[in-house]
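K.L.:
Structure below; questions to follow.
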Amino acid sequence: MAKAKLVIEQVSEEQYQGQATRRPLYRRLEKLLGLPVISFFTSFVYPVMLEDNDADMLEGVLQKCGLPKGFALLVSSPGGSALAAERVINICHSYSGTGHYTVVVPAKAKSAATMICLGASKIIMGKTSELGTVDPQMVVEENGKVRWFSLHTLVKSYEALFAKAVKEKGNLEPYIQQLAKYDSREIAEFRSALSLSKDIAVKSLKSGMLKGLSEKDIEKKIQIFLTPERAKVHGRPIYGKEAKECGLDVETRNVKDEMWSLVYELYVRLNNYVSRNNVAKCIESVDSSFRAMVPKAEGPE
């Protein structure tokens with residue numbers, strides 16, 4: 001999958017005033033929540049992922065906000081870098097006057113975006129909102145086709161094959177041929193990536209929603225988030241009810257609720273903005289906005 005070359009820019013006051021339809025929604029939503037609202041929005045259309053630049057844009061927005069009582073972060077993203085998610089969590093804690101932040105998930109916050117939610121003190125979801133597993137994925141392009149593999153599944157398949165080879169008392173050749181397709185150095189890297197994701201998720205919860213529990217107990221509680229074994233596949237949704245059963249502080253709003261109607265309208269307008277205007281990402285408050293632009297393809301001279 002070709003990585004989009006994004007152009008990061010701060011939206012000028014004049015340009016942002018042109019987005020007049022979103023600003024009133026922020027003000028009304030902030031009044032109902034009693035908190036400033038910041039949107040953290042990554043397109044599901046362009047092949048872009050959560051990365052360090054997103055953390056930088058978020059910090060640029062938060063620097064311009066007064067946040068003595070904390071804030072609500074509206075998150076919509078397919079995910080990306082676990083380390084970038086960890087940076088986002090740290091930035092959110094650092095700029096909040098209370099040291100905590102609330103997350104609002106209007107539709108999907110998957111993978112590394114789910115990590116950002118786990119770092120919050122509270123998650124507000126609708127009945128159709130989705131979180132996801134945080135196990136890392138690997139993208140492989142074969143014969144012009146893009147395939148996604150769970151690192152958890154790759155490591156498990158390698159370990160199972162190796163264990164069978166060790167127990168085999170007869171012909172080892174079939175096992176040797178299959179094991180030759182794996183690179184032991186890559187397997188070691190995959191294990192490290194899996195350990196990193198688990199560590200970020202567990203420690204984020206230990207300092208927030210599951211404060212007071214041991215890391216071992218937290219790991220047990222959130223198994224559905226850590227591996228695809230219970231969810232079956234990486235992309236399968238984890239809804240509010242399942243997240244709450246893990247002990248997380250989840251508030252599920254009725255889809256007809258006034259506050260949720262505003263959340264969803266803001267989501268739709270942001271989604272249109274990032275999907276139809278060569279904008280891949282948008283991070284903004286009621287008064288400040290950063291965006292990541294996808295350069296327009298140049299035509300023939």
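The values are calculated or read from the model by the stated rules, or taken from the named source; none is laboratory data. Computed from a predicted structure; not experimentally measured. Cβ atoms come from the backbone with ideal geometry, glycine included; neighbour counts cover every protein chain shown.
K.L.:
S94 fails exactly one of the following numbered conditions: (1) more than 22 Å from L262 (Cβ to Cβ); (2) in a helix (DSSP H, G or I); (3) touching a residue at least 12 places away in the same chain (Cβ under 8 Å). What is the number of that condition?
P.N.:
Among (1) more than 22 Å from L262 (Cβ to Cβ); (2) in a helix (DSSP H, G or I); (3) touching a residue at least 12 places away in the same chain (Cβ under 8 Å), S94 violates only (3).
Listed here are the residues, each with its yes/no results for (1) at pLDDT 85 or above; (2) among the aromatic types (F, W, Y).
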| residue | (1), (2) |
| --- | --- |
| V140 | no, no |
| E186 | yes, no |
| S204 | yes, no |
| E219 | yes, no |
| F225 | yes, yes |
| I238 | yes, no |
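K.L.:
Follow-up. Taking the stretch 106-126 on its own, how many of its residues are more than 15 Å from F71 (Cα to Cα) and either of a type in the set (V, I, T) or outside the structural domain of L25 (by TED's automatic domain parsing) (or both)?
P.N.:
Within the stretch 106-126, the first condition is being more than 15 Å from F71 (Cα to Cα), and the residues that meet it are 106-115, 118, 125-126.
Now restrict to residues that are either of a type in the set (V, I, T) or outside the structural domain of L25 (by TED's automatic domain parsing) (or both): 114.
Of the residues in that region, 1 qualify.
K.L.:
Consider G212 against the criteria (1) at pLDDT 95 or above; (2) under 28 Å from L33 (Cα atoms); (3) exposed (fewer than 14 other Cβ atoms within 10 Å of the Cβ): it satisfies all of them except one. Which criterion is unmet?
P.N.:
Condition (1) is where G212 drops out.
K.L.:
Look at K64 and say whether it is assigned to a loop (DSSP other than H, G, I, E, B), touching a Gly at 6+ places or on another chain (Cβ under 8 Å) and not small (G, A, S). Spell out how you get there, then give the answer.
P.N.:
Numbers: assigned to a loop (DSSP other than H, G, I, E, B): yes; touching a Gly at 6+ places or on another chain (Cβ under 8 Å): no; not small (G, A, S): yes.
Taking the combined requirement at face value, the residue does not satisfy it.
K.L.:
L73 fails exactly one of the following numbered conditions: (1) assigned to a helix (DSSP H, G or I); (2) crowded, with 24+ Cβ neighbours inside 10 Å. What is the number of that condition?
P.N.:
(1) is the only condition that L73 fails.
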